[in-house]
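To start, the structure under review is shown below, and the notes come after it.
The values are calculated or read from the model by the stated rules, or taken from the named source; none is laboratory data. For clarity, every value in this text was computed on a predicted model and none was experimentally measured. In this analysis, Cβ positions are derived from the backbone assuming ideal geometry, glycine residues included, and neighbour counts consider all displayed protein chains. Heavy atoms of the whole protein, side chains included, go into the accessibility calculation; ligands, DNA and RNA do not. Shrake-Rupley method; radii C 1.70, N 1.55, O 1.52, S 1.80 Å.
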Amino acid sequence: MATAFATVPAHAVSLIRDAEIEQALQQLAKPVLRSAGFGVGRIRILVINDSKLNAFVVDANHVFIHSGLITKLRRPEALQAVIAHELAHIANGHLTRRATNARVAGRVTAIGMALAAAAAIGGNGDAAIGLAAGTSSSAARRFFAHTRAEESSADQSAMRYMASANLDPAAMTDILEIFRGQEALRPGRQDPYARTHPLSQDRLRAVKGYAASYKSRVKPTTPEAQYWYARMSAKLSGFLGNPRYVLRRAESKGNGEIAMLRRAIAYHKTPNLKKALAEMNALLKMRPRDPYYHELKGQVLLEGRQFDAAVSSYKQALALAPREALIEAGLGRALLAQGSAGAAKQALAILIRARSRDPGDPQMLRNLALAHAKNGQNAMASVATAERYAVLGRYDDAVIHAKRASGALPRGSSGWLRAQDVLAAASAAPKGRKGRK
């Protein structure tokens with residue numbers, strides 16, 4: 001990841017890769033994951049940059065939520081209910097039949113191919129996910145669609161998870177009320193969630209009944225959940241919204257931490273480097289050991305072409321979160337921007353480490369290729385470029401660079417083997433997915 005907040009383009013959609021947002025999602029998901037019987041860290045929750053309202057799962061390790069749905073919700077419990085519901089689809093085995101049918105029919109969706117490519121270049125399926133793609137296609141909608149029986153089962157399980165975690169199960173009704181009446185609309189006008197998660201009045205009544213029966217277990221929302229939800233919402237609205245609109249909002253007024261965060265991002269986007277840095281410095285005075293604020297300041301400085309200061313901020317962020325691949329990738333990009341041979345050497349070491357932790361991040365792979373090239377390692381630059389094209393679904397381009405690397409690297413070397421992984425992923429791509437996207 002090149003910056004503190006960036007989108008990764010792929011086919012029809014893009015992923016938002018941001019260390020702070022992913023941390024917030026993990027914090028919010030933690031109690032639900034535990035009550036559902038999933039180990040913390042087993043499931044990754046990622047945000048798709050799409051204003052449509054949707055959430056879905058494609059395998060047993062990832063939950064995807066559209067940014068539009070997150071910003072539509074008004075309390076952390078509602079987002080936790082979305083996560084609980086998608087976890088229930090995994091726990092209840094609702095994906096098994098669809099995955100089997102897709103393999104038999106030879107129709108692997110674009111999301112599945114991206115998962116496969118990221119797994120291939122990372123050496124295992126749990127290393128990282130690179131991107132999500134193709135969710136707007138009719139084939140993908142059919143693939144992700146759940147039956148009414150599955151929805152009822154997932155509702156019951158999700159509300160049990162929520163109650164076991166002492167979270168308000170009635171938050172599930174917040175989500176269903178958003179989609180109330182969707183089934184009366186023509187399919188083209190419905191939100192994707194309504195098309196893949198059938199909604200009926202019977203289902204809504206049943207959910208309200210479950211919520212009432214679990215009411216005695218509910219405890220107030222924890223300050224920690226409120227805090228991380230507010231930070232995530234501020235960052236999404238700040239980067240995805242019009243900066244002038246963000247600055248006019250009541251939530252951006254005053255001296256509170258979240259208001260300052262919203263203003264910092266809005267000023268950065270305006271752009272007004274001086275005001276953005278003033279807000280960032282105020283945030284860091286409030287939370288001097290927060291790695292994500294140091295990272296965001298690094299992004300503000302980097303995109304303001306203050307390269308030396310950006311490197312310093314990213315290094316402070318990494319010292320506070322030493323295993324965060326997205327921060328490592330940001331530091332690598334900042335070092336490359338400095339332009340010196342010594343900085344390029346440092347960048348290469350850091351980006352290699354970032355790749356080992358999150359091999360499916362195309363922007364990191366782009367910068368890794370550049371770092372290899374700046375250090376005179378052109379064949380390894382071709383390997384990283386091939387991997388980048390693979391996770392972007394551009395298999396023809398990936399094959400060109402993988403073959404170039406294969407011819408230049410010693411047979412059996414780690415780089416050569418990585419090039420073979422790309423060639424294998426490209427060979428497995430279904431017809432129609434191998435060209436430029």
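Residues that are buried (at least 24 other Cβ atoms within 10 Å of the Cβ) and outside any helix (DSSP H, G or I) within the stretch 302-316 are absent altogether. Taken as a whole, the condition of being under 24 Å from Met364 (Cβ atoms), of a type in the set (Asp, Glu), open to solvent by less than 10 Å² (accessible area, probe 1.4 Å) and free of Cβ contacts under 8 Å to residues at least 60 places away in the same chain applies to Glu328. Applying the condition of being among the aromatic types (Phe, Trp, Tyr) and at pLDDT below 95 to the stretch 374-427 and asking which residue is least open to solvent (accessible area, probe 1.4 Å) yields Tyr395.
Hey, does the stretch 34-46 have a residue that's touching a residue at least 12 places away in the same chain (Cβ under 8 Å) and assigned to a helix (DSSP H, G or I)? Yes - at least one qualifying residue is present in the stretch 34-46.
Do you know which residues across the stretch 24-33 are open to solvent by 20 Å² or more (accessible area, probe 1.4 Å) and either touching a residue at least 60 places away in the same chain (Cβ under 8 Å) or at positive phi (or both)? It would help to see each step written out before you state the result.
To start, the set of residues in the stretch 24-33 that are open to solvent by 20 Å² or more (accessible area, probe 1.4 Å) comprises 26-27, 30-31.
Answer for the stretch 24-33, where residues must be open to solvent by 20 Å² or more (accessible area, probe 1.4 Å) and either touching a residue at least 60 places away in the same chain (Cβ under 8 Å) or at positive phi (or both): Gln27, Pro31.
The set of residues in the stretch 47-65 being more than 14 Å from Ala91 (Cβ to Cβ), without any contact (Cβ under 8 Å) to a residue 60 or more places away in the chain and part of a strand (DSSP E or B) consists of Ile65 alone. When Ala250 is tested against (1) more than 24 Å from the chain's Cα centre (by Cα); (2) open to solvent by less than 70 Å² (accessible area, probe 1.4 Å); (3) among the small types (Gly, Ala, Ser), just one condition goes unmet, and that condition is (2).
Residues in the stretch 283-301 that are over 19 Å from Pro243 (Cα atoms) and either among the basic types (Lys, Arg) or surrounded by fewer than 24 Cβ atoms within 10 Å (Cβ to Cβ) (or both): Leu284, Lys285, Met286, Arg287, Pro288, Arg289, Asp290, Pro291.
Which is more than 13 Å from Phe307 (Cβ to Cβ), touching a Lys or Arg at 6+ places or on another chain (Cβ under 9 Å), in a helix (DSSP H, G or I) and not small (Gly, Ala, Ser), of Leu336, Leu365?
On the way: Leu336 fails: more than 13 Å from Phe307 (Cβ to Cβ).
Sole residue among the options that is more than 13 Å from Phe307 (Cβ to Cβ), touching a Lys or Arg at 6+ places or on another chain (Cβ under 9 Å), in a helix (DSSP H, G or I) and not small (Gly, Ala, Ser): Leu365.
Name the single residue, out of those in the stretch 212-230 being within 29 Å of the chain's Cα centre (by Cα) and of a type in the set (S, T, N, Q), that is least open to solvent (accessible area, probe 1.4 Å). Among those residues, the one meeting the criterion is Thr221.
Of note, Ala319 does not satisfy the criterion of being at pLDDT 95 or above, open to solvent by less than 40 Å² (accessible area, probe 1.4 Å) and within 24 Å of the chain's Cα centre (by Cα).
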